[in-house]
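Please treat every number below as a calculation from the coordinates, not as lab data. Everything quoted here is computed from the prediction, not taken from an experiment. Note that we place each Cβ from the backbone using ideal geometry, even for glycine, and neighbour counts take in every protein chain shown.
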Amino acid sequence: MKRRVLFVCTHNAGRSQMAEGYMNARYGDRYEAYSAGTETGGLNPYAVRAMAEIGIDISGHHSKHISTFAGEEMDVLVAVCEGGTCPLFPWAKETVHRSFPDPSRLTGSDGEVMDGVRRIRDEIAAWIDATFGAL
């Protein structure tokens, strides 16, 4: 049976969406990944572009509130938000906090923002590979 992983951040627009897409594309044979936010916002277009660059299409994803998953048992909740206020989710067997920068806070030209989102994407992918790849 596949382990269920829920990635959570503030707006479910960038970090958690990239993590969900990467986990399902790379480890979908062992994991079912989902994502949600403590608030909902539109999907970050830079995150969509960054994931497309590595062959993963998240353009069909949409922002979901964490309450969407209330009562659904998860094996792992991964809070990818920066700082202290990450949600409690009593239906997760294990909770992991791994902070990644918020792509929505990046500033600069289109190219500079895109470079920043690529770095965040690569950090998320490397962490998922190191954390879940060997399991």
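Observations on the structure shown:
- Order of Met74, Met1 - criterion: other Cβ atoms within 10 Å of each residue's Cβ, fewest first: Met1, Met74
- Over the stretch 96-135, the alpha carbon radius of gyration divided by the compact-protein estimate 2.2 N^0.38 Å works out to 1.36.
- The charge dipole of the chain, taken about its Cα centre with unit charges on the Cβ of Lys, Arg, Asp and Glu (plus for the first two, minus for the last two), comes to roughly 180 debye.
- Of the DSSP H helices in the chain, those whose Cα atoms cover at least 15 Å axially and whose Kyte score averages -0.5 or more: 110-132
- When the chain is treated as a GNM with alpha-carbon contacts under 10 Å, the residue of Arg118, Arg49, Arg105 showing the greatest mean-square fluctuation is Arg105.
- For Thr40 and Met1, a Förster radius of 30 Å and the Cβ-Cβ distance give a FRET efficiency of 0.55, rounded to the nearest 0.05.
- Each stretch of four or more DSSP H residues adds -39500 (n - 2.57); spread over every residue of the chain, this sum gives -11000 deg cm²/dmol at 222 nm.
- Per-residue ³J(HN,Hα) for the stretch 58-73, Karplus 6.51 cos²θ - 1.76 cosθ + 1.60, θ = phi - 60°, Hz, x for Gly and Pro: 10, 4, x, 5, 9, 6, 10, 7, 4, 5, 4, 9, 4, x, 8, 5
- Rounded, prolate or oblate (a/c below 1.5 giving rounded, otherwise prolate when a/b exceeds b/c) for the stretch 1-60 by Cα gyration tensor: oblate
- Residue exposure sequence - Phe69, Phe7 - by fewest surrounding Cβ within 10 Å: Phe69, Phe7
- Residues of the stretch 102-127 with amide N under 14 Å of the 7 Å Cα→Cβ point at Ile54: 115-127
- Take every Cα pair under 8 Å whose residues are at least 6 apart in sequence, average their separation, divide by the length of the chain, and the relative contact order is 27 percent.
- Least to most buried among Met114, Met18 (fewest other Cβ within 10 Å first): Met114, Met18
- Which labelled figure in (i) 12, 40, 28, 13, 5, 1, 0; (ii) 13, 43, 39, 5, 0; (iii) 13, 48, 33, 5, 0 is P(r) over Cα pairs in 10 Å bins from 0, in percent, once derived from the coordinates: (iii)
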